């Protein structure tokens, strides 16, 4: 019953997105993605914000590793060297550019 309401609201937001500049649509996509992810609708979450879903999953993995290591009494250290940071930045930049090109239409909400 609750999901029908969400779907109706989702269609209303799609109409709103068509009238807003791309940056406003991205913000709404992030919120819809987070809502869908929390409610277990992974496909809708990916459709609304694939990069966000990747970030949610990465956060869950890092948090789980941190908790397990903390419970075992091992030091919790996350050292990110420049190479992974630049790689992540480059991937996000490519995703952002492709998402806003006609060929990347399937990547935006």
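Only the coordinates and a few stated rules stand behind these numbers; no lab work does. Just so we're clear, the structure is a prediction, and the values are computed from it rather than from any experiment. Reconstructed Cβ throughout: ideal geometry from the backbone, glycine too, with neighbour counts over all protein chains shown.
Worth a mention:
- Enclosing the Cα atoms of the stretch 23-109 in their convex hull gives a volume equal to 101 cubic angstrom per residue.
- Label zone at residue 39, where the point sits 7 Å out along the Cα-to-Cβ direction: the stretch 51-82 residues whose backbone N lies under 18 Å: 53
- Residue separation of residue 96 and residue 70 scaled by 0.36 nm, minus their Cα-Cα distance, works out to 5.8 nm of gained length.
- Packing-based ranking, highest mean first, of 34-47, 74-87, 57-70 given that Cβ atoms within 10 Å are counted: 34-47, 57-70, 74-87
- The gain in end-to-end length when the residue 31 to residue 60 segment is fully stretched comes to 8.6 nm, 0.36 nm per residue minus the alpha carbon separation.
- As a length-normalised measure over Cα pairs under 8 Å and 6 or more apart, the relative contact order of the stretch 24-73 settles at 27 percent.
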